[in-house]
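**Q** Can you keep this structure in mind? I'll have questions shortly.
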Amino acid sequence: MNWLKKVFHREQSSTDVTNSILYNELTFYNQFIKDLLKAKEEVIIESPYLTTKRLKILIPIFTKLKKRNVRVFIITRDPKEHDEMMAEQSEAGICFFESAGHQVLLVNGRHHRKLAMIDRKVLWEGSLNILSQTYSRELMRRIESRELTNELFHFLKLNTLDVFNK
């Protein structure tokens, strides 16, 4: 059993998940938008779905980020993996991001992760589709930790993509 303890043991830091805060679908966006507006360098969002209803609310925020030269990366499902209605909304969202100068990375294979990393120091993870959520009951955990954000960044192998190394 000692091997199991070694596998799951890691040094706890003062910025570990014990200092995280949980949000639900009603409280998430207020804090998330505050975090976005504080971004100085980079925002990475993984959201499998994009809807025009949610993007109408968030477009002004992404426009402000672009004006401040904050790099925005959207990682989402290839629209071909959606039904017709969702594919149309996804395409519209992708067009917005690309025309605004943001980077969109399409993922195949039933992508379903929901997370965000802001300046590689604020990590959001949970069940809420950030760029599409409307009516569903969800949760998101906000963790302010460079260590854990970088851990996830490397775990997802984002460090191997040239687009993040510019």
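**Q** Among the residues of segment 61-103, which ones are assigned to a strand (DSSP E or B), touching a helix residue (DSSP H, G or I) at 6+ places or on another chain (Cβ under 8 Å) and of a type in the set (D, E, K, R)?
**A** The one that is assigned to a strand (DSSP E or B), touching a helix residue (DSSP H, G or I) at 6+ places or on another chain (Cβ under 8 Å) and of a type in the set (D, E, K, R): Arg77.
**Q** Another question about this same structure. Looking at Glu84, Glu144, can you tell me which residue is at pLDDT below 95 and open to solvent by 30 Å² or more (accessible area, probe 1.4 Å)?
**A** Glu84
**Q** Still on this structure, please answer the following. Out of curiosity, is Leu65 of a type in the set (A, V, I, L, M) and either under 21 Å from Arg141 (Cα atoms) or surrounded by fewer than 17 Cβ atoms within 10 Å (Cβ to Cβ) (or both)?
**A** Judged against the criteria, Leu65 is not a match.
**Q** Evaluate segment 45-56: report whether one residue or more is over 21 Å from Phe96 (Cα atoms), outside any loop (DSSP other than H, G, I, E, B) and open to solvent by 40 Å² or more (accessible area, probe 1.4 Å).
**A** No, that holds for no residue.
**Q** If you don't mind, another one. Could you tell me whether any residue of segment 147-164 is closer than 22 Å to Ile61 by Cβ, open to solvent by 30 Å² or more (accessible area, probe 1.4 Å) and in contact with a strand residue (DSSP E or B) (Cβ under 8 Å, 6 or more places away or on another chain)?
**A** no
**Q** If you take the residues of segment 104-138 that are in contact with a Phe, Trp or Tyr (Cβ under 7 Å, 6 or more places away or on another chain) and part of a strand (DSSP E or B), which of them is surrounded by the fewest Cβ atoms within 10 Å (Cβ to Cβ)?
**A** Leu105
The values are calculated or read from the model by the stated rules, or taken from the named source; none is laboratory data. If you're wondering where the values come from, they're calculated on a predicted model, not measured in any experiment. Cβ: placed from backbone, ideal geometry, glycine included. Neighbour counts: every protein chain shown. Heavy atoms of the whole protein, side chains included, go into the accessibility calculation; ligands, DNA and RNA do not. Shrake-Rupley method; radii C 1.70, N 1.55, O 1.52, S 1.80 Å.
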